[in-house]
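Notes for the one structure printed next.
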Amino acid sequence: MVTAAQNRSWYKRNEIAVTPWLFLLPGIAFFLLYVIIPIFQSFWISFHEWDGLGEKTWVGLANYERLLGGDRKFEVSFWNNVRWLVLYLLAIPLGLFIALFLNQTVRGIRLYKSLFFFPFVISQVVVGLVFTWFYLPNSGLFDVITGWFGIDIRGGVLGNPNTATYGIIAAGLWPQTAYCMILYLTGLNAVDPEQVEAARLDGAKGHKMLWYVIIPQLKPATFIAFVVTIIGALRSFDFIAVMTNGGPFGSTRVLSFYMFEESLSEFGFRMGYGAAIAVVLFFIMLLFITYFLWSMYQDEKGAR
Amino acid sequence: MHSIMKATVASLALGVASTSAFADGHSSLEGTLRIMSDMSNPAPRAAMEQMAADFDALHPNLTVELEIIDREAWKTQIRNALTANPPDVVNWYAATRMTPYVDAGLFMDISDLWAEPEFDALASTKGAMTLDGAQWGVPYTYYQWGVYYRKDIFEELGLEEPATWEEELANCQAILDSGRKCYTIGSKFLWTAGGWFDYINSRTNGYEFHIQLANGEIPWTDQRVRDTFANWQQLIDMGAFIDDHQTYSWQEALPFMIDGEAAAYLMGNFSVSHFRDGGLTDDQLDFYQFPTINPDVAPAEDAPTDTFHIASGAQNVEAAKEFLRYVTSAEVQSEINAGDALGQLPVNANASVADDKFIQQGFEMLSTNATGGIMQFFDRDFPAEMASAGMEGLQEFMVFPENLDDILERLEETRQRVY
């Protein structure tokens, strides 16, 4: 008996413990190489002054002192990020509304659903371009419509520093609403008809039915919609690059765009400063990531 | 060793003889010459491909490999191209824009090439190719900036090309009274505003002052800088520029002039082909030099120079140097800058200037009436960080001139950090 066990190879003896790690190994290796290690490299670079070509010069915390000690571009970018985060969340109620509206059995509903989903399928760059034309001063449709009400935005929506960011967020909301709608449509399929029936017997209808019966059952969908919307808001780079290129005079920058400008754009290559912005952005994201992970962990615990 | 000797002898011989000596097929150049070019627009691309093919034909034992990269993309890709497996020859720009690559040792010092007698014909551009007392590349083309205007509108209103600022303002008032705008501009991508600043500043305070400002020797809050902006504001307050220009690219601003809603455009000569494509004939389109503001300063002109460089990691240095000699020779210069090729100005004094009224006028202007000096353009004369902050400030000034104090303070803050 003893000899039989010893005759088995080391791998055979530890198969159960080792195999999962073997399967995880490629994933872990690439995650380390392309995600974890670069994060620490960014920390390291952010303590230097570096043009990406020559020698790095150690400057300690100087980049952070400049960044957090009153860099106006940083302040503008930060507050724009906050605007994005708050206003982008509108996609969730909007998506829910459209999903409820489309969750009925009428002839051709599949067609309507796919039409509503359409903006999420086309590329963000195309959405940005279409909205740029929509907002064009004088000839753009939006300007024509506001003209009927006697409203004239100086410089057009995207040319006026007070409206440009909101204009871009509105463009971003279009595809994001479609995304949330799809999440809620699948969520609505999973709503328990017995509970709805029971509630109806108890006399619930209208917004009470929605608030106390339907929405609680949509909680998983809401959570996912919240996660993707927050991530979408922090990834607003594409829209800004296409629609205003950060302008007019830098009023639509967000942190990711500012980071790109400082480190990788035509007039950039201040890698240290760009990395410092990246680190700050990383910590802002970390707040959300921690919340998401904590919340998922709680769910797992509850399920057990 | 033998082949290197041969190559050296051959190149020395070339220093004396003209490039056509190689047409006989006695070339000793061997191997592969790798060129990475940013001449991606249709006409320049054709010129570059022709040039590479001709050079290849001149040297039977040499293979020329040409790779053309999108002009905008190249502005950031050049860094990767020069550091990993560098090609032999690359395109770039003159003056301060060379600094990062010279400092990092990625461009080869080619002062020896400039010491050859042929290069005397390029003397006018030597300054723009010099950093730290050495030359780092050769120019292959340059073009003038100036005011392109609708001749038919000027004739309709009975206006002459303005020579002084007073005439300029009077002209503009007449144009505005006729229901048009004086100037079209698209400042979404910022650099177009840099052209206006270059001209008004150099006309107000002179070339020396402008370059000192570019070199960070003068604070942005200086009274003389304010004078420049005050002159500029005269035009802005009149409403000389088209509305909402911050939402247009420079191409999107073209239709205003082509449709006759604006009378003129301060631009580089590359805009001419766009005007012609837009349907303007040479009878409708004309050019004048930016008017004098301060009669005490000599006029300086924006004339950006595009260049070729040898990467310091080049594998085939002899062939690369030979290619640079070839590109700058009078014959090739005439050919590639001709009206049906680049349609720009040749850098070699012995080359012939294309038979095109705008190229001729530009050549005339730059050779006789640019006594102040030649500027490379705002984003090439100012260091990168100053240029990007500066152009953003200029755009803001054009839209909200009342923010001037705040803008200048911000630029001054940037200046103190950058230099």
Tally of residues being part of a strand (DSSP E or B) and within 20 Å of A:Gly156 (Cβ to Cβ) across the range B:238-272: 2
Selection from the range B:357-398 of residues that are touching a helix residue (DSSP H, G or I) at 6+ places or on another chain (Cβ under 8 Å) and more than 21 Å from B:Ala94 (Cα to Cα): B:Phe358, B:Gly393, B:Leu394, B:Gln395, B:Glu396, B:Phe397, B:Met398
Hey, A:Glu266 surrounded by fewer than 20 Cβ atoms within 10 Å (Cβ to Cβ), of a type in the set (D, E, K, R) and part of a helix (DSSP H, G or I) or not: no
Search result, residues across the range B:80-92 that are touching a residue at least 12 places away in the same chain (Cβ under 8 Å), within 11 Å of chain A (Cβ to nearest Cβ) and farther than 15 Å from B:Ala320 by Cα: B:Thr83
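For every residue, the table says whether it meets (1) within 14 Å of the chain's Cα centre (by Cα); (2) outside the structural domain of B:Gly186 (by TED's automatic domain parsing).
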| site | (1), (2) |
| --- | --- |
| B:Ala330 | no, yes |
| B:Gly339 | no, yes |
| B:Gly372 | no, no |
| B:Phe378 | yes, no |
| B:Glu392 | no, no |
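Take the residues in the range A:216-244 that are within 14 Å of another protein chain (Cβ to nearest Cβ) and in contact with a Leu (Cβ under 7 Å, 6 or more places away or on another chain), then tell me which one is nearest to B:Asn403 (Cα to Cα).
Ranking the candidates gives A:Thr244 first.
Would you check if A:Leu100 is more than 21 Å from the chain's Cα centre (by Cα), part of a helix (DSSP H, G or I) and at pLDDT 90 or above?
When the stated conditions are applied, A:Leu100 passes them.
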Flag for A:Phe131 being closer than 25 Å to A:Ile230 by Cβ, surrounded by 21 or more Cβ atoms within 10 Å (Cβ to Cβ), aromatic (Phe, Trp, Tyr) and touching a helix residue (DSSP H, G or I) at 6+ places or on another chain (Cβ under 8 Å): yes
Residue in the range B:296-313 that is in contact with a helix residue (DSSP H, G or I) (Cβ under 6 Å, 6 or more places away or on another chain) and surrounded by fewer than 20 Cβ atoms within 10 Å (Cβ to Cβ) present: no
Hits in the range B:103-135 (condition: part of a helix (DSSP H, G or I), crowded, with 19+ Cβ neighbours inside 10 Å and touching a strand residue (DSSP E or B) at 6+ places or on another chain (Cβ under 6 Å)): B:Trp114, B:Thr125, B:Ala128, B:Met129
Which listed residue, of A:Ile169, A:Ile182, A:Ile214, is of a type in the set (Val, Ile, Thr), at pLDDT 90 or above, under 27 Å from A:Asp299 (Cβ atoms) and surrounded by 14 or more Cβ atoms within 10 Å (Cβ to Cβ): A:Ile182
The listed residue being within 13 Å of chain A (Cβ to nearest Cβ), hydrophobic (A, V, I, L, M, F, W, C) and more than 23 Å from B:Thr281 (Cβ to Cβ), out of B:Val399, B:Val347, B:Val332, B:Val327: B:Val399
Pairs, first facing another protein chain (nearest Cβ under 7 Å) in the range B:382-394, second in a helix (DSSP H, G or I) and aromatic (Phe, Trp, Tyr), C-beta under 8 Å, six or more apart: B:Ala387/B:Phe378
Residue within the range A:245-259 that is over 26 Å from A:Ala171 (Cβ atoms) and away from chain B (no Cβ under 12 Å) present: no
Enumerated helices (runs of 4 or more DSSP H) restricted to the range A:1-88, each holding at least 3 residues that are out of contact with any Cys (no Cβ under 9 Å at 6 or more places or on another chain) and within 14 Å of chain B (Cβ to nearest Cβ): A:62-68, A:72-88
Residues satisfying the stated conditions in the range B:134-171, i.e. over 22 Å from the mean Cα position of the chain (by Cα) and either polar (S, T, N, Q) or assigned by TED's automatic domain parsing to the domain that holds B:Tyr101 (or both): B:Thr164, B:Asn171
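The values are calculated or read from the model by the stated rules, or taken from the named source; none is laboratory data. Predicted model only: the values in this text are computed from it and were never measured. Backbone-built Cβ (ideal geometry, glycine too); neighbour counts: all protein chains shown.
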